[in-house]
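Note sheet for the following structure.
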Amino acid sequence: MDAIALNTITNLVGGKPSPSTSTRSQPVYNPATGEPSATLPLSTAAELDAAVASAKAAFPAWADTPPMKRARVMFKFKDLLEQNADRIARAISAEHGKTHDDALGEVQRGLEVVEFACGIPHLLKGEYSKNVGPAIDTYSDRQALGVVAGITPFNFPCMVPLWMYPVAIACGNTFILKPSERDPGAAMLVAELLHEAGLPAGVLNVVHGDKEVVDAILHHPDIKAVSFVGSTPIAQYVYATGTAAGKRVQALGGAKNHMVVMPDADMDKVADALMGAGYGSAGERCMAVSVAVPVGQKTADALIETLAPRVRALKIGPATDRDAEMGPLVTKQHMEKVLGYIDQGVAEGAKLVVDGRGFKLQGYENGYFVGGTLFDHVDKDMTIYREEIFGPVLSVLRANSYADALELINAHEFGNGTAIFTRDGDAARSFADKVEAGMVGINVPIPVPVAYHSFGGWKRSIFGDHAIYGPEGVHFYTRLKTVTTRWPDGIKSGAVFNFPTM
Ligand code: NAD
């Protein structure tokens, strides 16, 4: 196909589409067909500069806008997201490949952060203490940082940007978004809706690109904070580089989420939970369950027996097939990487119970599809256990006891989410307390916190001190100021040279 005929995506700067003049670009693909669908410019550092200048100019007036007026833009934005949910979901699926219902779920979870942002004026209230000394009062206030930036991954092209900028903007900051280069369309559509909701020009800017723009963000002196969500090596790099440049950074990374299956768990419910959590969105979720840990050989045998036929029966198809339960992977490279992991699992001696290699769909032979894959007898030293695969590949690692299962999870380098399925309150309570992961589900396979809590893993699943969105998001995007006041007639006894005590 002639790349010139493809729609070229623009940046969004100063409230207007801003065509990039970069000499570098890359195609965006429809993963169900393997056809290119658009051309994405890989913007330059100079283009980032222009976006930052626009955001910097917009900051003073936006920061001084009464919080309730800022929130009103969010209320209108929420309405527009609801009205356009179907359109946004189609834009997500066209470039990411996830099913329509899954994409609608993503829009809804992003929209809930906007609902949270509508109430942010309440969280910006400070504290006040009267008479901290004679006629002396103290109050604290949370103020916006200035220009802040967000760098987002491909797997939630609408929701993850919405984890960031509604909170940042409602707090009074201005924002630069660098969406994933693999599926930038939905992020653009949503950013346009925020402008339609009445956002002043320059408050939100979108600059597309790759490492060149990311590095420019990390070194730009006018960017005060960076939110990053993506893979662990890049998260670590973004954290190290951004903090060395004096910025506040929250960088959320990869995951290997375990689900412990206790002998008393209802096996049908466990299998249902694992199907959705392991294969939904083709396993391309940072909260996907990629390791099932049945406790005891009997539990493991029952689990494999219940699960295997369901994995074989997975309905796989393009998002236009509304019966499909799972779509393709995002790119050809990613598909090849996932297939490579399956080969490696076999080579390292895991038992391949269901093989998703070689899956082909009539009419979509060039799509990036991998069938549902199930491994049994996976060992903790195998590559398929240690590394994040990010595909429809579930590993079963058999544990002899609950204590062994817990130890296994706690020894893993990642600690994003985890779950236990059991009827035993004692085991569940101990698990919630002792497991080293940031988000824990008790009979809930994907425990993504709602928008008024905060999302964040532990260990190498996060770099930085703040989880994202919710109250932690408000803290990340604001800084504390504490003011101590005394009016002139409060000074009764002339100059005091010793260190003040009250
Ligand atoms: P990625 O790390 O490849 O890309 C994320 C962002 O970083 C993109 O915007 C990309 O342009 C940029 N980037 C990529 N390489 C870079 C480089 N060398 N230098 C500077 N910037 C670079 O991640 P992805 O493949 O888009 O997303 C999948 C990953 O994200 C998985 O590891 C998944 O677990 C993780 N993820 C984590 C969370 C979470 O909340 N912890 C949520 C979603 C996804």
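Before moving on, here are some points about what is shown:
- Whichever residue in region 350-367 is assigned to a loop (DSSP other than H, G, I, E, B) and touching a Phe, Trp or Tyr at 6+ places or on another chain (Cβ under 8 Å) and, among such residues, is nearest to ARG310 (Cα to Cα): PHE359
- Scanning region 157-190 for residues that are assigned to a strand (DSSP E or B) and either outside the structural domain of VAL28 (by TED's automatic domain parsing) or in contact (Cβ under 8 Å) with a residue 40 or more places away in the chain (or both) returns THR174, PHE175, ILE176.
- SER20 touching a helix residue (DSSP H, G or I) at 6+ places or on another chain (Cβ under 8 Å), assigned to a loop (DSSP other than H, G, I, E, B) and within 28 Å of ALA197 (Cβ to Cβ): yes
- Residue check for LEU339: surrounded by fewer than 22 Cβ atoms within 10 Å (Cβ to Cβ), outside any loop (DSSP other than H, G, I, E, B), modelled with pLDDT of 95 or more and of a type outside the set (S, T, N, Q): yes
- Scan of region 238-268 for residues that are surrounded by fewer than 24 Cβ atoms within 10 Å (Cβ to Cβ), outside the structural domain of ARG429 (by TED's automatic domain parsing) and assigned to a helix (DSSP H, G or I), ordered by number: TYR239, ALA240, THR241, THR243, ALA244
- The set of residues from region 248-261 being away from the ligand (no atom under 14 Å from the Cβ) and closer than 18 Å to TRP163 by Cβ comprises just one member, ARG248.
- Of the strands (runs of 3 or more DSSP E) entirely within region 89-156, those holding at least 1 residues that are of a type in the set (S, T, N, Q) occupy 128-133, 136-144.
One line per residue, one yes/no per condition, for (1) in contact with a Ser or Thr (Cβ under 8 Å, 6 or more places away or on another chain); (2) surrounded by fewer than 23 Cβ atoms within 10 Å (Cβ to Cβ); (3) not charged (D, E, K, R):
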| site | (1), (2), (3) |
| --- | --- |
| MET74 | no, no, yes |
| ASP86 | no, yes, no |
| ARG90 | no, yes, no |
| ALA103 | yes, no, yes |
| VAL107 | no, no, yes |
| LEU124 | yes, yes, yes |
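- Boolean, ALA419 is closer than 21 Å to GLY283 by Cα and either more than 12 Å from the ligand (Cβ to nearest atom) or part of a strand (DSSP E or B) (or both): yes
- Candidate set: region 223-234, residues that are within 7 Å of the ligand (Cβ to nearest atom) and over 24 Å from ALA144 (Cα atoms); chosen: the one surrounded by the fewest Cβ atoms within 10 Å (Cβ to Cβ): SER231
- Any hit, region 474-490, residues being within 16 Å of the ligand (Cβ to nearest atom) and surrounded by 21 or more Cβ atoms within 10 Å (Cβ to Cβ): yes
- Taken together, the residues in region 328-343 that are more than 16 Å from the ligand (Cβ to nearest atom) and either in contact with a strand residue (DSSP E or B) (Cβ under 6 Å, 6 or more places away or on another chain) or more than 16 Å from SER290 (Cα to Cα) (or both) amount to 2.
Here's the yes/no breakdown for (1) more than 26 Å from ASP355 (Cα to Cα); (2) among the acidic types (Asp, Glu):
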{"residue": "LYS380", "(1), (2)": "no, no"}
{"residue": "ILE384", "(1), (2)": "no, no"}
{"residue": "GLU388", "(1), (2)": "no, yes"}
{"residue": "PRO392", "(1), (2)": "no, no"}
{"residue": "LEU397", "(1), (2)": "no, no"}
{"residue": "SER401", "(1), (2)": "yes, no"}
{"residue": "LEU408", "(1), (2)": "no, no"}
{"residue": "ARG423", "(1), (2)": "yes, no"}
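- Residue count for region 213-222, restricted to those that are crowded, with 16+ Cβ neighbours inside 10 Å and either without any contact (Cβ under 8 Å) to a residue 60 or more places away in the chain or within 11 Å of the ligand (Cβ to nearest atom) (or both): 6
- Filtered by the rule that a residue be in a loop (DSSP other than H, G, I, E, B) and either over 26 Å from the mean Cα position of the chain (by Cα) or at pLDDT 95 or above (or both), region 322-336 gives ASP323, ALA324, GLU325, GLY327, PRO328, LEU329, VAL330, THR331.
- Among the residues of region 441-460, those that are surrounded by fewer than 18 Cβ atoms within 10 Å (Cβ to Cβ), among the aliphatic types (A, V, I, L, M) and either within 16 Å of the ligand (Cβ to nearest atom) or assigned to a loop (DSSP other than H, G, I, E, B) (or both) comprise VAL444, VAL448, VAL450.
- All positions within region 269-298 that are away from the ligand (no atom under 14 Å from the Cβ), of a type outside the set (A, V, I, L, M) and either outside any helix (DSSP H, G or I) or surrounded by fewer than 21 Cβ atoms within 10 Å (Cβ to Cβ) (or both): LYS269, ASP272, GLY276, PRO294, GLY296, GLN297, LYS298
- Yes/no for HIS475 being closer than 28 Å to VAL132 by Cβ and either outside any loop (DSSP other than H, G, I, E, B) or in contact (Cβ under 8 Å) with a residue 12 or more places away in the chain (or both): yes
- Residue list for region 170-187, filter: within 14 Å of the ligand (Cβ to nearest atom), among the aliphatic types (A, V, I, L, M) and farther than 20 Å from PRO221 by Cβ: ALA186, ALA187
The values are calculated or read from the model by the stated rules, or taken from the named source; none is laboratory data. Computed from a predicted model, the values in this text were never measured in an experiment. Positions of Cβ are backbone-derived with ideal geometry, glycine not excepted, and every protein chain shown enters the neighbour counts.
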